[in-house]
Amino acid sequence: MGEEKTETKEKPLGKMTVKELREVGKQLPEITGVHGMNKAELLSSIKKARGIKDEPKKKTDASVHEIKKKIKALKAEREVVLNNNDKKMAKIYRRRITRLKKKTRRAADSRQAV
């Protein structure tokens with residue numbers, strides 16, 4: 001038969017499960033106590049051992065008002081698409097609207113926590 005290529009790309013550290021991170025951590029001699037660490041600790045220690053700088057995530061500080069404007073525009077576009085009987089696009093717009101609604105809830109929660 002044919003030879004199989006066993007060349008596998010390692011997925012990004014942030015996407016790995018704790019189990020996978022522990023396996024990676026065991027292979028690095030600089031890290032000890034891998035089994036006692038949680039995911040955040042494993043990530044930081046593996047990045048430190050590999051010399052990867054931890055870059056903070058970019059946060060978009062969108063206000064609830066701006067997000068609601070986007071939702072309103074998407075709802076109008078969805079209505080047009082529904083009138084044209086394009087169910088696929090209507091579904092896409094519905095998902096986008098749902099995602100934005102979740103964002104408004106998170107933004108409102110973060111405001112109350114501050």
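Would you mind ranking V80, V24 so that the residue whose beta carbon has the fewest other beta carbons within 10 Å leads the list?
Working: V80 12, V24 18.
Going from sparsest to densest Cβ surroundings: V80, V24.
State, as an integer percentage, the relative contact order of region 64-113 based on alpha-carbon contacts under 8 Å between residues 6 or more apart.
Taking the mean separation of contacting Cα pairs over the length of region 64-113, I get 48 percent.
Sticking with the crude label model, points 7 Å out along Cα→Cβ, report the distance from A108 to N84 in nm, one decimal please.
The modelled label-to-label distance comes out at 3.2 nm.
If I model a spin label as a point 7 Å beyond the Cα along the Cα-Cβ vector, how far apart are those points for I92 and K48 in nm?
Here the answer is 4.5 nm between the modelled labels.
No value in this document is a laboratory result; all are computed from the given coordinates. Not measured: the values here are computed from a predicted model. All Cβ positions, glycine included, derive from the backbone under ideal geometry; neighbour counts span all protein chains shown.
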